[in-house]
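To start, the structure itself, in C-alpha cells.
The values are calculated or read from the model by the stated rules, or taken from the named source; none is laboratory data. The shown structure was predicted, so the numbers you read here are calculated from the model rather than taken from an experiment. Glycine also receives a Cβ, built like all others from the backbone with ideal geometry; neighbour counts cover every protein chain displayed. When the accessible area is computed, the model is the full protein with side chains, heavy atoms only, and any ligands, DNA or RNA have been set aside. Shrake-Rupley method; radii C 1.70, N 1.55, O 1.52, S 1.80 Å.
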Amino acid sequence: MSHPQRCYLGFDSSTQSLSAILIGVTAGRAEVLWQHVMPFDEAFPEFGTVHGVLPSVDPLVRVSSPAMWVKALEQMLARVAGCGVDMSRLCAISGCAQQHGSVYLGSDEAYTRSVSPIWMDSSTREECAEITATVGGAAVLAQRTGSRAYERFAGPQIRKFYKADPQAYVGTARIHLISSFLASQLLGADAPLDPGDGSGMNLMDVAANEWWPPAVDATAPGLFSKLPRIVPSASVIGTLAPRWQSKYGLPPARIIAWTGDNSSSLVGTGLVTDGHVVVSLGTSDTVAGIMRESRVDPGGIGHVFGAPTGDFMGITVFKNGSLARERVRDAYGLDWAGFSESLRSTPTGNLGRFMFPWFDPEITPDVPVPGVRRVGLEPDDVPGNVRAVVEAQMMAMANHSRWMGVGVRRIHATGGAAANRDVLQVMANVFDADVYQFPVGNSACLGSALRAWHADAAASADPVPWPEVVRDLAAPLAASRVSPHESAVATYADLRKRYAEAEGRLRGAL
Ligand code: XUL
C-alpha cells in the first residue's frame with residue numbers, strides 16, 4: 001500500500017447500509033485506499049430492520065432506528081482504525097446520509113423519540129396540507145423552500161410528531177437531520193446542517209440558506225430554537241471528538257459539515273458544473289443536476305436543493321427504485337443475469353405494453369395508493385414484465401425531469417443497478433443521451449471523502465478547485481459509454497408521450 005501525504009475519510013449512511021471510503025492524496029493525485037460496507041439488516045439483526053426500515057403495520061409509515069445508525073458509525077470507526085493505513089495522516093472526515101430523516105433529542109441528548117421517520121414515509125398528507133395553507137399556498141412554499149410540501153420532508157414530519165405527542169415534542173431540545181445527527185456523534189457536540197440537506201425540510205429559504213420564519217412557525221410552536229444552525233457545505237465544524245481519538249487511536253481530524261446523499265453524489269460523479277445530470281439507481285431512483293440559479297418546478301414535481309459547490313441542484317425522486325426492480329426479479333425467480341437476459345430478449349418499446357411499478361406509494365408522480373398497474377401486459381409474461389419495469393422507470397425519469405431545463409446529452413450513472421449495462425442501454429435510448437459508468441460505485445460515499453479533501457484544502461489556505469478534486473476518482477470512464485440506438489430513440493419519443501397520458505389517466509382514476 002502506498003503512503004499518501006494526506007488521507008480523507010467519507011461516510012454514507014444510506015437507507016440500507018453504512019459505507020466508508022478512505023482516500024489518499026499525494027502531490028494532488030487521489031486514490032482509494034480502503035472501503036467497506038455494513039448492511040444494517042445483516043450487521044445489526046438485533047434492531048429488526050428489513051432493508052434498513054423497521055416493520056410497520058401502516059404501509060404509509062416508514063421509520064428506522066437512530067441508535068442503530070450510531071452503533072454502525074462506531075463499529076465503522078473501529079474498522080477504519082484497523083484498516084492498515086497510517087491514520088496519523090487522516091486530515092478530515094465528512095459524510096452524507098439518506099435525506100429527510102429526522103432525529104429527536106432532549107437537552108440531555110437522550111432520544112425523545114426512539115425512532116426516526118425516513119424518506120420513504122408518506123404518512124403526513126394532512127400536515128402537508130396544513131403547512132401549505134398556513135404559508136399561503138403551494139406556490140409560495142415552493143418558491144421559498146424549493147419544494148411544495150412533501151410528506152417525507154422533515155417539516156411535515158415534525159408537525160406530525162408535535163400533534164401526536166406534544167409532551168415529547170416540548171421535551172425535545174434539538175431536531176437533527178440524519179446527516180447533522182451523525183456529524184454530531186463524530187464531534188461529540190451539536191453539529192450544524194448544510195444547505196444541501198437543510199433544503200429537504202420545507203423549512204429553509206433556499207436562496208438565503210436560512211430558516212424561513214413563516215414555514216418554521218407554520219410547522220410547530222417553538223420550533224426555531226430546536227433547529228440546528230445552517231452553515232455552508234464546505235465548513236470545518238470542529239475536530240474528531242477526544243473520545244474517538246483515544247478509543248481508536250485516531251488523530252484530531254477536521255470534521256466537515258455532512259450533507260444529503262444526493263448532493264454528495266453530485267461530487268462523487270464529478271458533477272461540479274451544470275449541463276449534465278446524474279441518474280442514481282439506488283433504493284430511490286433520482287435524476288439530479290447542478291443549477292446556477294434556483295428554478296422551481298412550476299408543476300410541483302421535483303425540488304431545488306443546495307449543491308455542495310454552493311450552487312443549486314435540481315432533483316426528481318422516485319420511491320420505487322431498486323426495491324421495485326428486486327420485486328419483479330424475485331416474483332419470477334430470476335437472478336440479475338436472468339433479469340438482463342429478459343431485457344435482451346424483448347423488443348424496444350415492449351410492443352406498447354406498460355407497467356406502473358407503484359409497489360409502494362410513489363413520490364413522482366404523487367401516488368398515495370400503492371399498487372402495480374399494467375397496461376396490455378399479462379402478469380405471467382416474465383420477460384415482458386422485466387422490460388416493463390425498466391422502461392417504466394426510465395420513461396418516468398425522463399418525463400419528470402424535463403422541468404430542470406437541462407438539455408440531457410450525457411448522463412452520469414450511479415447506484416447498484418448502474419452496473420447493469422442492459423439497464424443503461426434502455427436509459428440511453430429513452431433519454432437519447434450517452435450514459436457513463438464510474439470507477440467507484442458508491443458515489444455518495446466517495447463524494448463525502450472528496451468533500452472532506454476540498455474543505456480541508458480550503459481551510460489550510462491551499463484550495464484545490466473542484467475540477468481537480470473530482471479529476472482522478474470521479475471522472476466518467478470513457479470506455480464505459482453506452483450510446484443510444486437511433487431507431488430505439490424514435491420508438492421511445494412516441495412511447496414517452498403515451499406513457500405520460502396513461503399515467504395521467506391512472507392518477508385521475510385514483
Ligand atoms: C431525496 C430522497 C432520497 C433519499 C434516499 O429527496 O428522498 O433520494 O435521499 O437516500
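Could you please find all residues in segment 57-67 being surrounded by 21 or more Cβ atoms within 10 Å (Cβ to Cβ) and either part of a helix (DSSP H, G or I) or of a type in the set (F, W, Y) (or both)?
Within segment 57-67, P66 is the sole residue that qualifies.
Applying the selection to segment 210-264, what residues are closer than 22 Å to D456 by Cβ, open to solvent by 50 Å² or more (accessible area, probe 1.4 Å) and assigned to a loop (DSSP other than H, G, I, E, B)?
Within segment 210-264, R229, P232, G249, P252 qualify.
Quick grid of which residues meet (1) modelled with pLDDT of 95 or more; (2) farther than 21 Å from G349 by Cα; (3) under 20 Å from the mean Cα position of the chain (by Cα):
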position	(1), (2), (3)
P439	no, yes, yes
A449	yes, yes, yes
A452	yes, yes, yes
A455	yes, yes, no
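If we only count helices (runs of 4 or more DSSP H) wholly inside segment 440-510, which ones have 2 or more residues that are aliphatic (A, V, I, L, M) and open to solvent by 10 Å² or more (accessible area, probe 1.4 Å)?
Of the helices (runs of 4 or more DSSP H) lying wholly inside segment 440-510, those with at least 2 residues that are aliphatic (A, V, I, L, M) and open to solvent by 10 Å² or more (accessible area, probe 1.4 Å) span 443-459, 486-508.
Could you pull out every one of the strands (runs of 3 or more DSSP E) wholly within segment 286-363 that has 2 or more residues that are out of contact with any Leu (no Cβ under 7 Å at 6 or more places or on another chain) and surrounded by 23 or more Cβ atoms within 10 Å (Cβ to Cβ)?
So the answer is 303-306, 312-318.
Tell me whether segment 77-88 contains one or more residues that are surrounded by 20 or more Cβ atoms within 10 Å (Cβ to Cβ) and of a type in the set (S, T, Y).
No, segment 77-88 contains no residue that is surrounded by 20 or more Cβ atoms within 10 Å (Cβ to Cβ) and of a type in the set (S, T, Y).
Consider S147 against the criteria (1) in contact (Cβ under 8 Å) with a residue 60 or more places away in the chain; (2) farther than 23 Å from I255 by Cα; (3) more than 16 Å from the ligand (Cβ to nearest atom): it satisfies all of them except one. Which criterion is unmet?
Evaluating S147 over (1) in contact (Cβ under 8 Å) with a residue 60 or more places away in the chain; (2) farther than 23 Å from I255 by Cα; (3) more than 16 Å from the ligand (Cβ to nearest atom) leaves (3) as the failure.
The conditions are (1) open to solvent by 10 Å² or more (accessible area, probe 1.4 Å); (2) over 30 Å from S263 (Cβ atoms); (3) touching a residue at least 12 places away in the same chain (Cβ under 8 Å), and D380 fails exactly one of them. Which is it?
(3)
For A392, all conditions in the list (1) among the hydrophobic types (A, V, I, L, M, F, W, C); (2) over 20 Å from the mean Cα position of the chain (by Cα); (3) surrounded by fewer than 18 Cβ atoms within 10 Å (Cβ to Cβ) hold save one; what is the number of the exception?
Single failed check for A392: (3).
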